[in-house]
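The values are calculated or read from the model by the stated rules, or taken from the named source; none is laboratory data. All of these numbers come straight from a predicted model, not from anything done at the bench. Counting neighbours? That spans all protein chains shown, and the Cβs are built from the backbone with ideal geometry, glycine included.
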């Protein structure tokens, strides 16, 4: 009899093991938890692919174990806790309607309605907390199950949101994760059991509750809850639009595409955008004395197109917008703050000459003329070319920049003379009721497509820099969202079907072994659920054109 085949496994701690092939990853765990942090191990990266502990090794591999402090581990934690939450709610309140709706910082807001009444009572919240804690203490197994297609339809026969996804899948087997007989569609690997899901909270809020989650940098501790008014309001509005349009999940959108109704659906989406922009312009015009409109939003929100479209609506209201960029007020390079790694930190608020900017803004608001600066990025210095600016009585200044909502940027401008706008792509579309599409994914896909087509950046370059972009947004944009006088959601319910057409071939170019592979694979899996939508259909004024090309605006 031949000797069993062996493979070589290299672990992150430097150990090199010779083990039989088909060894389960979980059997290689050096300890139940990371000795440095005490956080339990949740799964593993095998040559940069996220897998469960039950994954079998067939070839030589490098294996590293992940916790909730790792990006891939955090997503694994959230998926697994959401499965436990959905199963527990079904057991406790079988007639309730429950939807994982949107993020609130690191937390998740969930809609909940029972007996025709929206919201989770304090008593029901305590019942839910107790049941979840009991399930964690019991350490119940979570199994990855491959169901025949017909069996999957039977399992989800009373869940139209999941059947809507299955309607457009062409696969003989459907992967699910199962907890005590409760199945959910797989959107990525989950933990092997419930015992590692001890860090959570349940907080009644609005028409449902907030699932409190640990932050990666504070785990296992959960930071104090800070309600984000603008996000709650904008999601409530856009969810109402989704119900009006009959599209709340990917299956709903695919049904419209397959029935030939996507052209009209796009027209309605774009009209809703235009209506909202017009309403913001109306509010600005009604606020007598506004001299400065400040616009901020995270990367790939569509700020440029939004500003152009807002300018048109302002003109309709008798106002003439004049634009200025905060980049032209950068301090000279020698005075630019440094980041922890020693490089220039251009996102720091002290990278802007706040004193000079405020003197100019004060002069403009009081009708005086200023010299307009230009920042020369080659020399790293601010220069003056002779250009001047004075605001006429019917003109308003539009200032776009990362710090525009931060009161430290414009302390000299009286509040009544400012109108602050926050914009972002906050998709309200869910994969199904229990599995949401992270709002940052919408923006990342936009950036992948735009950077490849128009900035010469590979998908790997964009994926690699995205965490640093997010860190800057967490520090300089998100804390000031609630300062906004108005919020505009630039997401379009149809856009992921268009972006998929561009992004899928780029993401498929990210191969196993690359550190960005887990993120690329995750996005590939969810984009594969969308029926493609032709990029010829969005109108030339669409915010989406800023990323796929063909815009009627001059950038």
For this session: Can you confirm whether the stretch 32-53 contains a residue that is more than 22 Å from residue 200 (Cα to Cα), more than 32 Å from the chain's Cα centre (by Cα) and not assigned by TED's automatic domain parsing to the domain that holds residue 146?
Result: no
For this session: Look at residue 421 and say whether it is buried (at least 22 other Cβ atoms within 10 Å of the Cβ), more than 12 Å from the chain's Cα centre (by Cα) and not in a helix (DSSP H, G or I).
Result: yes
For this session: Considering every residue within the stretch 228-250, establish whether at least one is part of a helix (DSSP H, G or I), more than 23 Å from residue 487 (Cα to Cα) and touching a strand residue (DSSP E or B) at 6+ places or on another chain (Cβ under 7 Å).
Result: yes
Exercise. Do we have residue 178 as assigned to a loop (DSSP other than H, G, I, E, B), in contact with a strand residue (DSSP E or B) (Cβ under 6 Å, 6 or more places away or on another chain) and outside the structural domain of residue 251 (by TED's automatic domain parsing) here?
Worked result: no
For this session: From 460, 431, 445, grab the single residue that is modelled with pLDDT of 90 or more, outside any helix (DSSP H, G or I) and not assigned by TED's automatic domain parsing to the domain that holds residue 99.
Result: 431
For this session: Could you please give the count of residues in the stretch 8-31 that are within 34 Å of the chain's Cα centre (by Cα) and either farther than 22 Å from residue 190 by Cβ or not assigned by TED's automatic domain parsing to the domain that holds residue 52 (or both)?
Result: 3
Seminar exercise, completed: Within the stretch 314-330, the residues that are touching a helix residue (DSSP H, G or I) at 6+ places or on another chain (Cβ under 8 Å) and buried (at least 20 other Cβ atoms within 10 Å of the Cβ) are 314, 326, 329, 330
For this session: Inspect all residues belonging to the stretch 85-103 and state whether any of them is over 26 Å from the mean Cα position of the chain (by Cα) and part of a strand (DSSP E or B).
Result: no
Exercise. Does the stretch 137-159 hold any residues that are in a helix (DSSP H, G or I) and in contact with a helix residue (DSSP H, G or I) (Cβ under 8 Å, 6 or more places away or on another chain), and which are they?
Worked result: 149, 152, 153
For this session: Find the strands (runs of 3 or more DSSP E) located wholly in the stretch 292-376 whose residues include 3 or more that are touching a residue at least 60 places away in the same chain (Cβ under 8 Å), and list them.
Result: 292-296, 320-325
For this session: Select from the stretch 514-555 the residues that are assigned by TED's automatic domain parsing to the domain that holds residue 308, more than 18 Å from the chain's Cα centre (by Cα) and farther than 27 Å from residue 261 by Cβ and list them in ascending order.
Result: 514, 515, 517
Seminar exercise, completed: Of those in the stretch 389-407 that are within 24 Å of residue 333 (Cα to Cα) and not in a loop (DSSP other than H, G, I, E, B), the residue nearest to the chain's Cα centre (by Cα) is 400
Exercise. Just checking, how many residues over the stretch 264-311 are out of contact with any strand residue (DSSP E or B) (no Cβ under 9 Å at 6 or more places or on another chain) and more than 26 Å from residue 448 (Cβ to Cβ)?
Worked result: 13
Problem set entry | Residues of the stretch 174-205 satisfying the condition of being touching a helix residue (DSSP H, G or I) at 6+ places or on another chain (Cβ under 7 Å), over 24 Å from residue 139 (Cβ atoms) and surrounded by fewer than 20 Cβ atoms within 10 Å (Cβ to Cβ) | 204
Exercise. If a residue has to be in contact with a strand residue (DSSP E or B) (Cβ under 8 Å, 6 or more places away or on another chain) and surrounded by 16 or more Cβ atoms within 10 Å (Cβ to Cβ) to count, how many in the stretch 120-139 make the cut?
Worked result: 5
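Matching residues to (1) under 20 Å from the mean Cα position of the chain (by Cα); (2) farther than 21 Å from residue 544 by Cβ; (3) in a helix (DSSP H, G or I):
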site: 254; (1), (2), (3): no, no, yes
site: 266; (1), (2), (3): no, no, yes
site: 271; (1), (2), (3): no, no, yes
site: 283; (1), (2), (3): no, yes, yes
site: 290; (1), (2), (3): no, yes, no
Problem set entry | Test: residue 153 is within 30 Å of residue 272 (Cβ to Cβ) and free of Cβ contacts under 8 Å to residues at least 24 places away in the same chain | no
For this session: Scan the stretch 220-251 for residues that are at pLDDT 75 or above and crowded, with 20+ Cβ neighbours inside 10 Å and jot them down.
Result: 234, 247, 248, 249, 250, 251
Seminar exercise, completed: Expected output for the stretch 268-291 (first residue on the phi > 0 side of the Ramachandran plot, partner surrounded by fewer than 16 Cβ atoms within 10 Å (Cβ to Cβ), Cβ below 7 Å, 6+ apart or cross-chain) is 289/416
Exercise. Limited to the stretch 97-119, what total is found for residues that are surrounded by 13 or more Cβ atoms within 10 Å (Cβ to Cβ) and without any contact (Cβ under 8 Å) to a residue 60 or more places away in the chain?
Worked result: 2
Exercise. Just one of 58, 41 is closer than 21 Å to residue 518 by Cα and surrounded by 14 or more Cβ atoms within 10 Å (Cβ to Cβ); which is it?
Worked result: 41
For this session: Inspect all residues belonging to the stretch 509-517 and state whether any of them is surrounded by fewer than 16 Cβ atoms within 10 Å (Cβ to Cβ), in a loop (DSSP other than H, G, I, E, B) and free of Cβ contacts under 8 Å to residues at least 12 places away in the same chain.
Result: yes
For this session: Test residue 503 against the criterion of being surrounded by fewer than 20 Cβ atoms within 10 Å (Cβ to Cβ), assigned by TED's automatic domain parsing to the domain that holds residue 278 and assigned to a helix (DSSP H, G or I), and give yes or no.
Result: no
Problem set entry | Candidate set: the stretch 266-284, residues that are at pLDDT 95 or above and touching a helix residue (DSSP H, G or I) at 6+ places or on another chain (Cβ under 7 Å); chosen: the one surrounded by the fewest Cβ atoms within 10 Å (Cβ to Cβ) | 278
